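Colleague: Okay, handing you the structure first.
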């Protein structure tokens, strides 16, 4: 039988039996309780001349009230959490960064509960990153069937053991909007994410965008690129010749082979949803979104940011 605390009725019986001079063991047999429970109950009332049920019940209720945790939520803590939520950090990123910094730890599940309860007003739960799989529309844009397939990519690239291997893609405006889009780049080992506006989704625009990004970092930071077979990557031969890197093409309908880039594009969509027109996005707005993405602590990086991880790798190239 599961354990339960003494009730006021049992305490009344205990008071009566105690006044009759019964021992704790005899009382326990009468009440069907362990003799240790009865002995402890009587010892708690030693300050009184004899055991009394009502004072004992009140003392029990006070002890129970004090035993209930008050919780960690405070106005100061709420301000700290809301500040990070406004910077687009996820609850898990917030929790683990606080742990690493030696601050009072709050489980990410607790942060979610506070969000559901409306205690954190910075964001709504629906604005957090969507989880789980999504069904994506079938690709209908132009393709080409040349180039090196991903099956020939070295294993160390697949395992993210070496630095300088990127995944490339593009994020477009909503249908019916302008042809403007964004070229996106992510380094596989450090998850450093870069995006650059393009006037259209052509091979020439992608070639120019890649050149702009590559010019910002050391030449050794670009060893290979993995892309899909979208027509904007028909410039792959020029990328290989000019930037001296190898371009690999993922299999059709296998976005998981470029999982880092797909994830990065999903993060970018938090700032610029699918109905957004990239022609109306300023360079400053895009740069601000990229900064927020790269300054989030990442679980896959041991809770350091992508920017910190990338700069550490770049420093080794000097």
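All of the numbers you see were taken from the coordinates with simple rules; none came from a lab. These numbers were taken from a predicted model, which means no experiment stands behind them. Reconstructed Cβ throughout: ideal geometry from the backbone, glycine too, with neighbour counts over all protein chains shown.
Colleague: What is the helix-to-structure angle for 8-19, meaning the angle in degrees between its Cα long axis and the longest Cα principal axis of the chain, kept from 0 to 90 and rounded to the nearest 10?
Modeller: Computed tilt is about 30 degrees.
Colleague: Which distance in Å, rounded to a whole number, links the C-alpha centroids of the stretch 75-109 and the stretch 1-51?
Modeller: So the separation of the two Cα centres works out to 48 Å.
Colleague: If you count, for each residue, the other Cβ atoms within 10 Å and average over each peptide, how do 78-86, 172-180, 293-301 line up from highest to lowest? Provide the component values of the computation, followed by the final result.
Modeller: Working: 78-86: 16.0, 172-180: 14.2, 293-301: 17.8.
Result, highest mean first: 293-301, 78-86, 172-180.
Colleague: A follow-up question, please. Which value at 222 nm does the chain reach when only helices count, each DSSP H run of 4 or more adding -39,500 (n - 2.57), with the total divided by all residues and rounded to the nearest 500 deg cm²/dmol? Walk me through the numbers before you get to the answer.
Modeller: Details: 13 runs with 136 residues, N = 318.
The per-residue figure over the chain is -12500 deg cm²/dmol.
Colleague: Note the angle between two axes, namely the Cα long axis of helix 53-67 and the longest principal axis of the Cα atoms of the chain, as a number of degrees from 0 to 90, rounded to the nearest 10.
Modeller: Approximately 10 degrees, to the nearest 10.
Colleague: Same structure again: Calculate the length of the line joining the C-alpha centroid of the stretch 161-200 to that of the stretch 202-226, in whole Å.
Modeller: First find each Cα centre; the distance between them is then 11 Å.
Colleague: For the stretch 281-311 and the stretch 238-269, write down the distance between their C-alpha centroids in whole Å.
Modeller: If we compute the Cα centre of each part, the gap is 18 Å.
Colleague: Among 236-246, 181-191, 150-160, what's the highest-first ranking by average C-beta atoms within 10 angstrom per residue? Intermediate results must be reported in sequence, preceding the final value.
Modeller: On the way: 236-246: 16.2, 181-191: 23.3, 150-160: 13.0.
Peptide ranking by packing, descending: 181-191, 236-246, 150-160.
Colleague: Give me the extension gain from residue 112 to residue 7: residue separation times 0.36 nm, minus the current Cα-Cα distance, reported in nm with one decimal. List each step's numbers first, then the result.
Modeller: Numbers: separation 105, 0.36 × 105 = 37.80 nm, distance 3.70 nm.
The span from residue 112 to residue 7 would gain 34.1 nm if fully extended.
Colleague: Here is a follow-up. Quick one: if the Förster radius is 30 Å, what FRET efficiency do residue 204 and residue 276 give, using the C-beta to C-beta distance and rounding to 0.05?
Modeller: 0.80
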